[in-house]
Amino acid sequence: MASTESSPVSPQHIVIVGAGFGGLYAAKALSQDPAFRVTVIDKRNYHLFQPLLYQVATGKLAPSDIATPIRHVLRRRPNVRVVQGAAVDLDPVARKVILNGGAEIGYDILLAATGVKHSYFGNDAWREDAPGLKTVEHALEMRQRIFSAFEAAELSQDPAEQARLMTFVVVGGGPTGVELAGAIGELAQHTLKDEFHHIDTRRTRIVLAEGAPQVLSSYPADLAAAAERSLKKLGVEVLTRTLVTHIDADGVRLKVPDGTEQVVEASTVLWAAGVRASRFGQALANRVQCTLDRAGKVEVNADLSLPAHPEIFVIGDLAHYAPDGAAALPGVAPVAMQQGAYVARLLKARQRGRSLAPFRYRNQGSMAVIGRHAAVGDLRFMHVTGITAWYLWVLVHMMGLIEFGNRVVVMTRWAWNYLTRNSGSRLITSVPEARTGHAGRAHRSRD
């Protein structure tokens, strides 16, 4: 006699590649629903709060303050599995993600959230002399170079060499570049000014080069102007409409607005000028029918899926989403968070035979900090600057940290730094390479 009991329906397997903001928000939203089992794949074992990387690079925070183990974040999510590995390819017919080393993980639904890396606009040779800022390794390398330059200047007896060692060039005037230049200015003008005997760190030269007509080009003009004024108070030379034409171990060559070129001799050049989609975006383009934009980002439908593959979603910095012909959404954390949560809601709705309206980004504004009591904010209904914007920036970033423990640590460290103007995470931990033309060069870490 045949059994009349129906077989239990197997949970849908959702594979999330990338444990950034978008991937984690999607995983957490799906984690309590028995209709799904979730596998999160990331090449690192921690989630990184990238907006504060520049503070690691300038010694204000330690890496552990802004990074949390992925397994810890998802520890009470019984239907979520975490896999450490780099997704390098996929088989869309068999529905498998292929990891480095050859391991394969099958999926019913694939969510790609692998983010971006920095781009040198075809000048990859500059990478060696101008590190970018996307990973902890990059931040530690920047920290190595910044503080090693001051140490080498203290040792040098040659005024010209001291000047070169105490010259820093930041390429790119977006939020990362502005915040990085401002943080170096804080170090030079305040934190380090009484710690050296043979150099005056207040004579440090900091050059911020930006190709657009203003820094923070996506911000309103009044906020960009306020940011530039705050930078100048910290000793930063702001060069707009200025293009970098060459970078090497001795400095940079700049094309200034009048068309002439000038050379800035600098021991430390830091890159904050451009990004390109991660390699997994190219793997998608190679294997499935999809379109990449100029930065290698994957163009997606209104529900964030791929046109020919409704079972594959792309979110966060990897996605190019331009709703109703408008400009593509920016690569910022709130976009990734909202997209991760949206895809989770969409998958739950599909399980119940329902549909959702297209994704719509709720823009709550954007903020950038320049230094102590100096920030700018483009909020939905008003513009804020100065100390008000600075306190709002602190609050927003505190709430953005994934784990409560991190919030307590970072707030405590910031409060101490605020009272003492001290930056406590200034260890130089790598042995510099003996290389002509550059002080304190650390071993390169690759993307």
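Taken together, the values in this text are just the output of simple stated rules run on the coordinates, not laboratory data. Computed from a predicted model, the values in this text were never measured in an experiment. No Cβ is skipped: glycine too gets one built from the backbone with ideal geometry, and neighbour counts run over all protein chains shown.
Summary table below
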{"read-out": "Gained length - GLN289 relative to ARG77, 0.36 nm times residue gap less alpha-carbon distance", "value": "72.9 nm"}
{"read-out": "LEU379-ARG253 FRET efficiency (beta carbon distance; Förster radius 35 Å; 0.05 resolution)", "value": "0.35"}
{"read-out": "DSSP bridge orientation in the range 1-119 - percent antiparallel, rounded to nearest 5", "value": "40 percent"}
{"read-out": "Estimated dipole of the range 98-240 in Debye, rounded to 20 [Cβ of Lys and Arg +1, of Asp and Glu -1, Cα centre]", "value": "380 debye"}
{"read-out": "Segments 380-389, 10-19 sorted - mean Cβ within 10 Å per residue, highest first", "value": "10-19, 380-389"}
{"read-out": "Among beta bridges that DSSP assigns inside the chain, antiparallel share in %, nearest 5", "value": "50 percent"}
{"read-out": "Check: the chain dipole with +1 on Lys, Arg Cβ and -1 on Asp, Glu Cβ, in debye", "value": "1340 debye"}
{"read-out": "Among PRO175, PHE196, TYR219 - extreme Cα towards positive end, dipole of the range 170-224, charges at beta-carbon", "value": "PHE196"}
{"read-out": "Positive-end residue of ILE247, ILE14, ILE370, charge dipole of the chain with Cβ unit charges", "value": "ILE14"}
{"read-out": "Listed residue pairs exceeding 25 Å between alpha carbons, taken from LYS28/LYS60; LYS60/LYS232; LYS60/LYS134; LYS193/LYS255; LYS28/LYS96; LYS60/LYS117", "value": "LYS28/LYS60; LYS193/LYS255"}
{"read-out": "Modelled FRET efficiency - R0 51 Å, MET399 with THR429, Cβ distances, 0.05 increments", "value": "0.95"}
{"read-out": "Estimated dipole of the range 144-220 in Debye, rounded to 20 [Cβ of Lys and Arg +1, of Asp and Glu -1, Cα centre]", "value": "200 debye"}
{"read-out": "Förster radius 22 Å - calculated FRET efficiency between GLN262 and ARG127, Cβ distance, rounded to 0.05", "value": "0.45"}
{"read-out": "Cα-based reach from LYS348 at 17 Å (exclusive), listing aspartates and glutamates while leaving out same-chain residues under 8 positions away", "value": "ASP33, ASP108, ASP303, GLU311"}
{"read-out": "Protection proxy ranking, peptides 80-93, 164-177, average beta carbon neighbours within 10 Å, highest first", "value": "164-177, 80-93"}
{"read-out": "Sorted peptide list for 181-193, 120-132, criterion being average Cβ within 10 angstrom, highest first", "value": "181-193, 120-132"}
{"read-out": "Choice from TYR342, TYR46, TYR361 showing the highest fluctuation, given a GNM over the chain with Cα pairs closer than 10 Å", "value": "TYR361"}
